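The values are calculated or read from the model by the stated rules, or taken from the named source; none is laboratory data. Please read these numbers as outputs of a predicted model, since none were measured by experiment. Glycine also receives a Cβ, built like all others from the backbone with ideal geometry; neighbour counts cover every protein chain displayed. For the accessible areas, the whole protein counts, side chains as well, though only heavy atoms, and no ligand, DNA or RNA atoms are used. Shrake-Rupley method; radii C 1.70, N 1.55, O 1.52, S 1.80 Å.
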Amino acid sequence: MKTRILTLFLSLRTNYWFLPSIMIFGAFWLAILMLRLDAAFSGTFPEKISWIMGMGPEGVRQVLALIATSMITVAGVAFSITVVALALASQQFGPRLLQNFMRDLGNQLVLGTFTATFLYCVLILPGVLGAENHQFIPYYSASVGIFLAIGSLIVLVYFIHHIPASIQANHVIGLVQKELLANVRKFIPERNSREIGYRKIIPAPFHPEAHFFSKGLAVKAESSGYIQAFDIEGLVACAKRNNIFIRLRKKVGDFVIREESVAWVHGPELSAEMTEEVAGKVLTGDSPTPAQDLEFSLNELVEVALRALSPGINDPKTALQCIDCLTESLAEIVKRGQWKFLHQDSEGKFRLFAKPLLFEDFIETAFNEIRQASVRSVAVMIHLLESFEKIGGFAWREENLRGLQKHGEMVQRLAQRTLQEKHDLEEVEDRYWRLLQVLYPSRENGGFKE
């Protein structure tokens, strides 16, 4: 349930209507509350604010009408500027990065402030009665409307600064990197000093269901789409309640077709109701999200780097910055423990096997396409080897060291095939040699660090 709520919350955050709608709803009730307050305390308005009391009914009406008209006009301009910024961001960084702009609370707050102020002033206007009936001026309500207008001016100044800042490459890359590191620390546990490599922990091939029951039943996807999240707690609870073992066949971010097998359940007594319950805890949607998908954020940085390396943009400095962020993220991954793929219930029994993500998966996602696009850039080739060297300084598993060496060799071979300048090739070869020295400082114990 918690996973479903979190996924729903992330989905709502990527909508421009959610926060403004809440603010508009709040403005509606604030207007009703202030009008009732004016009716209850009529004639007790503080004398210190005489500039409001001296306006009279017609003056108050004009001020509120002016604020309402100005706010709806500014809201339209702000919306137009936001659409233009989204179009520019899509061209420069790629359409997948638009989710980050849609989640930007600053833009949502600006639009919500302008529309909420407009609605508040419109609702207060009918409460200002002239002498033809009985004179009633909602001074408290009018004062709040004026203060909201002042606040809207401050928000407008913030918006003018925020829009150009939000489409700068440094800002966009930094936001993606921050989100990626937060998810790495959330989903990958701290390293256990006694932990050893994955291939030593689990002998291959590994069939966890063999430790429980031989009988199995496929779980079919309820709808087509990208897997956005697995309700791990719900799946473990379901497995415990029905005395079954669940083996996930897909990982977060995979695209599935309706009725495609996404998991297997194993147990002594299986039923269609069990598989339906398990299928309901696999959350799918129209697009992948970063909720449980580390590769999603990696792909966002890769997309920015690839666009920067394209002939149409030709911005290698942005590509190098993306590589630096990817390097920091992979260094954090190799420093930490193994991705948790076996889950136990409260009694310590294994109930769920999730498809593990290995370091090789992460490094291929992060650097394969960038390496392939670096044919025209010696600087990117050298930077890739320097990045592997930095990550290698934190690597402590045998397979991590071999993965880094493999990708270093691919960069070296690419340079040998494509570089015509002798000194450029020598520099790449030098960086590759430095990488090997970091990965294998000695040949003791099979050439791998303890």
Flagged in region 53-65 as open to solvent by 60 Å² or more (accessible area, probe 1.4 Å), out of contact with any helix residue (DSSP H, G or I) (no Cβ under 7 Å at 6 or more places or on another chain) and part of a helix (DSSP H, G or I), in numbering order, are Glu58, Gln62
Close pairs from region 110-128: first farther than 14 Å from Asp38 by Cα and open to solvent by less than 10 Å² (accessible area, probe 1.4 Å), partner of a type in the set (Phe, Trp, Tyr) and part of a helix (DSSP H, G or I), Cβ under 7 Å, at least 6 apart: Val110/Phe159
Filtered residues of region 300-321 (kept if more than 12 Å from Glu369 (Cα to Cα), in a helix (DSSP H, G or I) and open to solvent by 40 Å² or more (accessible area, probe 1.4 Å)): Pro316, Lys317, Gln321
So Ile188 fits all but one of (1) closer than 30 Å to Ala395 by Cα; (2) at pLDDT 85 or above; (3) aliphatic (A, V, I, L, M); (4) touching a helix residue (DSSP H, G or I) at 6+ places or on another chain (Cβ under 7 Å); what number is the exception? (2)
For residues in region 66-109 being over 23 Å from the mean Cα position of the chain (by Cα), among the small types (Gly, Ala, Ser) and open to solvent by 40 Å² or more (accessible area, probe 1.4 Å), which is modelled with the highest pLDDT? Ser70
Picked from region 417-446 (must be out of contact with any Asp or Glu (no Cβ under 6 Å at 6 or more places or on another chain) and open to solvent by less than 10 Å² (accessible area, probe 1.4 Å)), the residue nearest to Glu369 (Cα to Cα) is Val428
Show the residue pairs meeting these rules: Cβ distance below 6 Å; 6+ apart or different chains; first residue within region 12-34 and in a helix (DSSP H, G or I); second residue of a type in the set (Gly, Ala, Ser). Leu19/Gly112; Pro20/Gly112; Met23/Gly112; Met23/Ala116; Ile24/Ala116; Ala27/Ala116; Met34/Ser141
How many residues does region 222-251 contain that are out of contact with any helix residue (DSSP H, G or I) (no Cβ under 8 Å at 6 or more places or on another chain) and of a type in the set (Asp, Glu)? 0
Tally up the residues in region 337-355 that are more than 14 Å from Lys251 (Cβ to Cβ), charged (D, E, K, R) and open to solvent by 20 Å² or more (accessible area, probe 1.4 Å), please. 2
Within region 253-263, is there a residue that is assigned to a loop (DSSP other than H, G, I, E, B), of a type outside the set (A, V, I, L, M), closer than 19 Å to Ser346 by Cα and modelled with pLDDT under 90? no
Tally up the residues in region 154-191 that are of a type in the set (Ser, Thr, Tyr) and either touching a His at 6+ places or on another chain (Cβ under 7 Å) or more than 23 Å from Leu309 (Cα to Cα) (or both), please. 1
Residue count for region 353-405, restricted to those that are out of contact with any His (no Cβ under 9 Å at 6 or more places or on another chain), of a type in the set (Lys, Arg) and either more than 21 Å from Trp339 (Cβ to Cβ) or at pLDDT 90 or above (or both): 3
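Quick grid of which residues meet (1) touching a Ser or Thr at 6+ places or on another chain (Cβ under 9 Å); (2) under 16 Å from Val302 (Cα atoms); (3) outside any helix (DSSP H, G or I); (4) open to solvent by 70 Å² or more (accessible area, probe 1.4 Å):
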{"position": "Ser152", "(1), (2), (3), (4)": "yes, no, no, no"}
{"position": "Ile160", "(1), (2), (3), (4)": "no, no, no, yes"}
{"position": "Pro164", "(1), (2), (3), (4)": "no, no, no, no"}
{"position": "Val172", "(1), (2), (3), (4)": "yes, yes, no, no"}
{"position": "Leu180", "(1), (2), (3), (4)": "yes, yes, no, no"}
{"position": "Arg185", "(1), (2), (3), (4)": "no, no, no, yes"}
{"position": "Glu190", "(1), (2), (3), (4)": "no, no, yes, yes"}
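Here is a yes/no grid of residues against (1) crowded, with 18+ Cβ neighbours inside 10 Å; (2) among the small types (Gly, Ala, Ser); (3) more than 26 Å from the chain's Cα centre (by Cα):
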position: Leu357; (1), (2), (3): yes, no, no
position: Ala379; (1), (2), (3): no, yes, yes
position: Glu399; (1), (2), (3): no, no, yes
position: His407; (1), (2), (3): yes, no, yes
position: Ala415; (1), (2), (3): yes, yes, yes
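For every residue, the table says whether it meets (1) touching a residue at least 60 places away in the same chain (Cβ under 8 Å); (2) open to solvent by less than 20 Å² (accessible area, probe 1.4 Å); (3) touching a strand residue (DSSP E or B) at 6+ places or on another chain (Cβ under 6 Å).
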{"residue": "Ala263", "(1), (2), (3)": "no, yes, yes"}
{"residue": "Gly267", "(1), (2), (3)": "no, yes, no"}
{"residue": "Leu270", "(1), (2), (3)": "no, no, yes"}
{"residue": "Glu273", "(1), (2), (3)": "no, no, no"}
{"residue": "Glu277", "(1), (2), (3)": "no, no, no"}
{"residue": "Thr284", "(1), (2), (3)": "yes, no, yes"}
{"residue": "Pro288", "(1), (2), (3)": "yes, no, yes"}
{"residue": "Ser297", "(1), (2), (3)": "yes, yes, no"}
Region 192-221: number of residues that are at pLDDT below 90, open to solvent by 80 Å² or more (accessible area, probe 1.4 Å) and touching a helix residue (DSSP H, G or I) at 6+ places or on another chain (Cβ under 7 Å): 1
